[in-house]
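Before anything else, here's the structure in question.
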Amino acid sequence: MTEPDSPAPEEMGPHPPRTLRIRKRRRGAGKSAKAAQDRPRSWYRDETGATRRDLDPKEFPGIAAGGTGMLWVDIDLSSAAQQGLLAGTFKFHPLSVQDTLSADGRVKVEEYPGYALVVVRGVPVLGEAPGRFAGETLDLRSVLG
């Protein structure tokens, strides 16, 4: 099951929320894909409006603790290194980490101190022709806070 790419933060308006998107597909293959697996896609817009992308994950705790700007991190759950960021770097509650890893998740919004976990279900659109909807649904898990 795949899901469409989300817009980059610069496409989301002047004041997008701090977001962590969690997905269950792998990008690419081969040696460069391994490096990509260890480093999630990310964007950071600081308080002046300057945008950086594909940050080193070691920068995430400082940015999150600073409380300024907007950080968007796209976690690929097929990567153990990226999964580790959920509890380790971002200090998410074990139940919210479990919900992100579960294939049997329900649609929900759950509040935790400092963030909310949102799980929504969608239907991919395959084109403009009749019968354009895929037979499978997809789950999108996001953490807002």
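Looking at (1) at pLDDT below 90; (2) under 14 Å from the mean Cα position of the chain (by Cα), which is the only condition Tyr44 fails?
The failed condition is (1).
In addition: Within region 101-139, take every residue that is aliphatic (A, V, I, L, M) and modelled with pLDDT under 85 and give me the one that is nearest to Thr89 (Cα to Cα).
Taking the candidates together, the pick is Ala103.
Could you identify the single residue in Thr100, Thr48 that is polar (S, T, N, Q) and crowded, with 16+ Cβ neighbours inside 10 Å?
Of Thr100, Thr48, the one residue that is polar (S, T, N, Q) and crowded, with 16+ Cβ neighbours inside 10 Å is Thr100.
The values are calculated or read from the model by the stated rules, or taken from the named source; none is laboratory data. Computed from a predicted model, the values in this text were never measured in an experiment. A quick note on method: Cβ atoms are made from the backbone with ideal geometry, for glycine too, and the neighbour counts reach across all protein chains shown.
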